[in-house]
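The values are calculated or read from the model by the stated rules, or taken from the named source; none is laboratory data. Nothing here was measured: the structure is a model prediction, and the numbers come from that model. Cβ placement follows ideal geometry from the backbone for every residue including glycine, while neighbour counts extend to all protein chains displayed. Please note that ligands, DNA and RNA were not included when accessible areas were found on the heavy atoms of the full protein model with its side chains. Shrake-Rupley method; radii C 1.70, N 1.55, O 1.52, S 1.80 Å.
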Amino acid sequence: HAKRMGGDRVEVFRPTLQGEGANRLELEADLRKALKTDGISVFYQPIVRLADRSIAGFEVLARWNHPSRGAISPLEFIPVAEQSGLINELGMFVLDRGARQLSDWQSNFRLPVPLFVSVNISSRQLLRHDLINDVKAVLSRSALAPGTLKLELTESVVMANPEYSAKMLERLRALGAGLSLDDFGTGYSSLSYLQRFRFDTIKVDQSFVRPNGRSARPVILRSIIALGHDLGMQVVAEGAESESDSLELHQLGCEYAQGFLFGQPMEAAQATKLLEAEMASLHG
Ligand code: C2E
Ligand code: MG
Ligand code: MG
Ligand code: MG
């Protein structure tokens, strides 16, 4: 019986896999087209200071509104972009947009501490030597405050090739880019490497900020925040959704947070409105 069930399983599975392959190829072709026709856009999600909820910066997040399928999550199209090589074009688009927007904001809103923007960089982008030239070009074009164009890399990206990554990160830092370690705690977490990479910010993954069920949130969260601070880094908590999340993070000494409580990813125009309100409250 078991054998027959196993056989059935294979038959059920095969068409699904083929379907996924076809879907991927179709998505890849559509993504290529979208990149040529303004089909990809960027949204901005606020990152706030927990002490007073003022806006410290924004994370730039890619969005794809597919002509027939509607919104497709980056969790679905970023892997397609990575595997097809389209990530270099997509990544450059996001970097360019983010840097231009930041430049506009910095000249229009003179905040007490200059605003930052942070852009996600995938593994394939880091492996491509041109990333250095792309970042150099973007930075030399606009007079951004030092370190305010931040690059977000995940642990798995840097740990895939630690020696090489360490060199790339030093070169990016030398150009004046800020460096954030994204989704901290979900990757390899080799703590000895943390010291070598010299990130200026760690972003604590949502799973520690909002754990499922009754796991020990404060214990692990407190340790991660303390570790970040002991290594001289600023700490951003991801995925703060409730007032109690925010209160707890603040009590644990975390200085920045990002999450639906403070704002969903939004269009540039809406983010600009938030900054206008912030300026008004500063001068009011
Ligand atoms: P990420 O870099 O960790 O970005 C944070 C994700 O968490 C975003 O999902 C954001 O919308 C979501 N988020 C923020 N606050 C909350 C919250 O309070 N609750 C919950 N449940 N979620 C929250 P998004 O935009 O769907 O992006 C998913 C991932 O896709 C990103 O994770 C990043 O790894 C990748 N990604 C997005 N845009 C880009 C891009 O331009 N380039 C690259 N390489 N990757 C990107
Ligand atoms: Mg990120
Ligand atoms: Mg993240
Ligand atoms: Mg993430």
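Of the residues GLY70, GLY7, GLY21, which is modelled with pLDDT of 95 or more and either at positive phi or more than 24 Å from the chain's Cα centre (by Cα) (or both)?
Working: GLY7 fails: modelled with pLDDT of 95 or more; GLY21 fails: modelled with pLDDT of 95 or more.
Just one listed residue meets the conditions, GLY70.
I want to confirm something. Restricting to segment 55-64 and keeping residues that are small (Gly, Ala, Ser) and open to solvent by less than 10 Å² (accessible area, probe 1.4 Å), which single residue is nearest to PRO265 (Cα to Cα)?
GLY57
Given the criteria among the small types (Gly, Ala, Ser), within 16 Å of ligand 3 (Cβ to nearest atom) and touching a strand residue (DSSP E or B) at 6+ places or on another chain (Cβ under 7 Å), does GLY98 qualify? Show your work before the answer.
On the way: among the small types (Gly, Ala, Ser): yes; within 16 Å of ligand 3 (Cβ to nearest atom): yes; touching a strand residue (DSSP E or B) at 6+ places or on another chain (Cβ under 7 Å): yes.
Considered against the rule, which asks whether it is among the small types (Gly, Ala, Ser), within 16 Å of ligand 3 (Cβ to nearest atom) and touching a strand residue (DSSP E or B) at 6+ places or on another chain (Cβ under 7 Å), GLY98 comes out as yes.
Are any of the residues in segment 106-128 surrounded by fewer than 21 Cβ atoms within 10 Å (Cβ to Cβ) and within 16 Å of ligand 3 (Cβ to nearest atom)?
Yes, that holds for at least one residue.
So LEU153 passes all but one of these: (1) away from ligand 3 (no atom under 16 Å from the Cβ); (2) in contact with a Ser or Thr (Cβ under 9 Å, 6 or more places away or on another chain); (3) not polar (S, T, N, Q). Which condition number does it fail?
The single condition LEU153 does not satisfy is (1).
What tally of residues in segment 226-245 results from selecting those that are touching a helix residue (DSSP H, G or I) at 6+ places or on another chain (Cβ under 8 Å) and of a type outside the set (D, E, K, R)?
Let us first name the residues in segment 226-245 that are touching a helix residue (DSSP H, G or I) at 6+ places or on another chain (Cβ under 8 Å), namely 227, 231, 234-235, 237-240, 245.
Then keep just the ones that are of a type outside the set (D, E, K, R); that gives 227, 231, 234-235, 237, 239-240.
Looking only at that region, the number is 7.
ARG100 fails exactly one of the following numbered conditions: (1) within 16 Å of ligand 4 (Cβ to nearest atom); (2) closer than 23 Å to SER54 by Cα; (3) open to solvent by 10 Å² or more (accessible area, probe 1.4 Å). What is the number of that condition?
The single condition ARG100 does not satisfy is (1).
Taking THR154 as meeting all but one of (1) at pLDDT 95 or above; (2) under 27 Å from ILE224 (Cα atoms); (3) within 16 Å of ligand 1 (Cβ to nearest atom), write down the number of the exception.
(1)
Within 18 Å of PHE43 (Cβ to Cβ) and assigned to a helix (DSSP H, G or I): which single residue out of ALA277, ALA269 fits that description?
Numbers: ALA277 fails: within 18 Å of PHE43 (Cβ to Cβ).
Unique residue meeting the criteria: ALA269.
Give the residue that is most open to solvent (accessible area, probe 1.4 Å), with candidates limited to residues of segment 199-210 that are out of contact with any helix residue (DSSP H, G or I) (no Cβ under 7 Å at 6 or more places or on another chain) and part of a loop (DSSP other than H, G, I, E, B). Let's see the steps before the verdict.
Filtering segment 199-210 for residues out of contact with any helix residue (DSSP H, G or I) (no Cβ under 7 Å at 6 or more places or on another chain) gives 199-201, 203, 205-207.
Now narrow it down to the ones that are part of a loop (DSSP other than H, G, I, E, B): 199-200, 205.
Working: PHE199: 9, ASP200: 48, ASP205: 23 Å².
Among residues in segment 199-210 that are out of contact with any helix residue (DSSP H, G or I) (no Cβ under 7 Å at 6 or more places or on another chain) and part of a loop (DSSP other than H, G, I, E, B), the one most open to solvent (accessible area, probe 1.4 Å) is ASP200.
I'd like to know if segment 211-234 contains one or more residues that are outside any loop (DSSP other than H, G, I, E, B), under 19 Å from GLU59 (Cα atoms), at pLDDT 95 or above and open to solvent by 50 Å² or more (accessible area, probe 1.4 Å). Lay out the reasoning, then the answer.
Quick first cut of segment 211-234, residues outside any loop (DSSP other than H, G, I, E, B) only: 217-230, 234.
Okay, now just the ones that are also under 19 Å from GLU59 (Cα atoms), so 234.
Retained after the next criterion (residues that are at pLDDT 95 or above): 234.
When the remaining residues are screened for being open to solvent by 50 Å² or more (accessible area, probe 1.4 Å), the result is 234.
Yes: segment 211-234 contains one or more residues that are outside any loop (DSSP other than H, G, I, E, B), under 19 Å from GLU59 (Cα atoms), at pLDDT 95 or above and open to solvent by 50 Å² or more (accessible area, probe 1.4 Å).
Is it the case that ARG124 is modelled with pLDDT under 95, out of contact with any His (no Cβ under 6 Å at 6 or more places or on another chain) and either within 14 Å of ligand 1 (Cβ to nearest atom) or farther than 19 Å from GLY85 by Cα (or both)?
Working: modelled with pLDDT under 95: yes; out of contact with any His (no Cβ under 6 Å at 6 or more places or on another chain): yes; either within 14 Å of ligand 1 (Cβ to nearest atom) or farther than 19 Å from GLY85 by Cα (or both): yes.
Yes.
Specify which of the listed residues (ALA166, ALA160, ALA174) is more than 16 Å from ligand 1 (Cβ to nearest atom) and either in contact (Cβ under 8 Å) with a residue 24 or more places away in the chain or open to solvent by less than 10 Å² (accessible area, probe 1.4 Å) (or both). Before the answer, list the steps.
Numbers: ALA160 fails: more than 16 Å from ligand 1 (Cβ to nearest atom); ALA174 fails: either in contact (Cβ under 8 Å) with a residue 24 or more places away in the chain or open to solvent by less than 10 Å² (accessible area, probe 1.4 Å) (or both).
That would be ALA166, the only listed residue that is more than 16 Å from ligand 1 (Cβ to nearest atom) and either in contact (Cβ under 8 Å) with a residue 24 or more places away in the chain or open to solvent by less than 10 Å² (accessible area, probe 1.4 Å) (or both).
Consider segment 29-54. How many of its residues are open to solvent by less than 50 Å² (accessible area, probe 1.4 Å) and part of a helix (DSSP H, G or I)?
Final tally of qualifying residues: 4.
Open to solvent by less than 40 Å² (accessible area, probe 1.4 Å) and either among the hydrophobic types (A, V, I, L, M, F, W, C) or farther than 17 Å from LYS136 by Cα (or both): does that describe ILE78? Outline the logic, then answer.
Values: open to solvent by less than 40 Å² (accessible area, probe 1.4 Å): no; either among the hydrophobic types (A, V, I, L, M, F, W, C) or farther than 17 Å from LYS136 by Cα (or both): yes.
Answer is no for this residue.
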